[in-house]
Amino acid sequence: MKLPEYEAFEFSPLAWKEWLHRGDKSDFRSKRDIYAFLKRQNREATFEWCNGIENSVKNRRIRSLLNGYTILDLLNEEKTVEFTKFKMWRLFEDTVVEILREAIKEKEECTVAYVDRWSGFKGLDYIIINSGSKLGWKVGVQCKRYVGTRIPYCRVNEYSSYSRGVSASNLYDKGIALKERYTDKRKVILFTFSAYRKKKIEKRRFDWLRSAWDSVIVFDKNTEGDCPYTYKLHFDELDKIVRWC
């Protein structure tokens, strides 16, 4: 299996806190422990369903952060480490924040703020504050680790709250509501690690979802669902987001 080099992956602060620093509950107390384990698995071809990680992100730190979260996703799928869907989403959210901070680090007037459940920011997890702007902030962010297929409105109550929350139909409505609330003076972005595989009908649904947001960022570009699976990581709208900030 194709792996990033030891120096080419890192984890968000929350990943270190929640995963690596769990005392006797974890066999992975350092990056070196993780890398040694992955190398052993690679030689033993244990991850038969995964062909490796391809990462074409130019920024070195963002590339490393995405590699780190991908390794966590890989180990979670393999049940070497196990987290709930909620925890994996929180770790993804924390990774997105670190990526955004890296992306805007040259803009001294900008900072990322957590606003989930704050009054007046319903539907957003983070905003990027611009101290030089009369608006106060220019970019709002919603994070979903995964985007599912569209749920028919007439059957929405048949699904779990998680399935409803990540469905394309729910996220379409959320994007439209946010854009109406904040008009075109602010931008709203949906970040996700992966989305459903693109059959023709699903591609149309995904294009439909994109029309509801100013930008939909999917980090894992693999849409074929081939086996062995390959993570194909890319962040192709970084410059546009930085300009918006």
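A compact globular protein would have a Cα radius of gyration near 2.2 N^0.38 Å; the ratio found for the range 103-245 is 1.11. In µm²/s, what is D for the chain at 20 °C and 1.002 mPa s, where D = kT/(6 pi eta Rh) by Stokes-Einstein and Rh is the Kirkwood radius from Cα pairs? The calculation lands on 112 µm²/s.
This model, with +1 at the C-beta of Lys and Arg and -1 at the C-beta of Asp and Glu, gives the range 6-244 a dipole about its Cα centre of some 640 debye. Between Y6 and F37, the modelled label-to-label distance comes to 1.7 nm, taking each label 7 Å out from Cα in the direction of the beta carbon.
Residues S167, S119, ranked from the fewest to the most other C-beta atoms within 10 Å, line up as S119, S167. A dipole drawn for the chain from +1 and -1 charges on Cβ atoms has a positive end, and of C245, A212, C227 the residue lying farthest that way is A212.
Taking the helices alone, the chain has a mean residue ellipticity at 222 nm of -11500 deg cm²/dmol, built from -39,500 (n - 2.57) per DSSP H run of at least 4 residues and averaged over all its residues.
Modelled label positions at R164 and K134, each set 7 Å beyond Cα in the direction of Cβ, lie 4.0 nm from each other. Gain on full extension, evaluated as 0.36 nm per residue between E202 and S30 minus their Cα-Cα distance, stands at 57.9 nm. Say the dipole of the range 77-147 comes from +1 at the beta carbon of Lys and Arg and -1 at that of Asp and Glu; which of S131, F121, C110 then lies farthest toward its positive end? So the residue furthest toward the plus end is F121.
Starting from the Cα of C154, step 7 Å along the direction of its Cβ; do the same at E82; then give the gap between the two resulting points in nm. Between C154 and E82, the simple spin-label model gives 3.9 nm. Extents of the range 10-135, taken as max minus min of Cα coordinates on every principal axis and listed largest first, are 58, 31, 26 Å.
Each value in this text was obtained by applying a stated rule to the coordinates, not by laboratory testing. All of these numbers come straight from a predicted model, not from anything done at the bench. Here the Cβ is made from the backbone with ideal geometry for all residues, glycine too, and neighbour counts use every protein chain on show.
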